[in-house]
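Q: The structure's right below; bear with me while I get my questions together.
The values are calculated or read from the model by the stated rules, or taken from the named source; none is laboratory data. Values in this document were obtained by computation on a predicted structure and should not be read as measured data. Methodologically, a virtual Cβ is constructed for each residue, glycine included, from the backbone with ideal geometry; neighbour enumeration extends over all protein chains shown. We work out accessible area using only protein heavy atoms, side chains counted, and drop any ligands, DNA or RNA first. Shrake-Rupley method; radii C 1.70, N 1.55, O 1.52, S 1.80 Å.
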Amino acid sequence: MGSNPTGRCAFLMNVYTAPEYRRQGVAARVVRACIEDARARGAGSLLLESTQMGEPLYRSLGFAPAKGYMRLSLRD
C-alpha cells in the first residue's frame, strides 16, 4: 500500500513564533495540535515548506524532506 492510502493530504502554512517566545515549545505544541487535527480529519499525510530555522523542529516531530517540502505520514 502507498504512503498515503486515504488520498487526503493536509498542508500546514505560515507557522511563526515571535522571537520572545521562541525555544519555549510554543511552535511544537501548535504543530502537534495541527498534526492531530489533520489525522482526525482523515488526512494520510501532512506537508509543509520549512525555513532552515524551522527544519530541526519539524524533523523532531517526524517530518522528512520530500521534493521541496517536508512530509509527515499520518497513517497509524
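Q: In region 57-76, what count of residues is obtained for those that are open to solvent by 60 Å² or more (accessible area, probe 1.4 Å), at pLDDT below 95 and not basic (Lys, Arg)?
A: 4
Q: A further question follows. Which condition breaks for VAL15 when tested against (1) among the hydrophobic types (A, V, I, L, M, F, W, C); (2) modelled with pLDDT under 95; (3) loosely packed, with under 13 Cβ neighbours inside 10 Å?
A: (3) is the only condition that VAL15 fails.
Q: Right, next: Inside region 32-57, can you point out the residues that are farther than 23 Å from GLY7 by Cβ and part of a helix (DSSP H, G or I)?
A: ARG32, ALA33, GLU55, PRO56, LEU57
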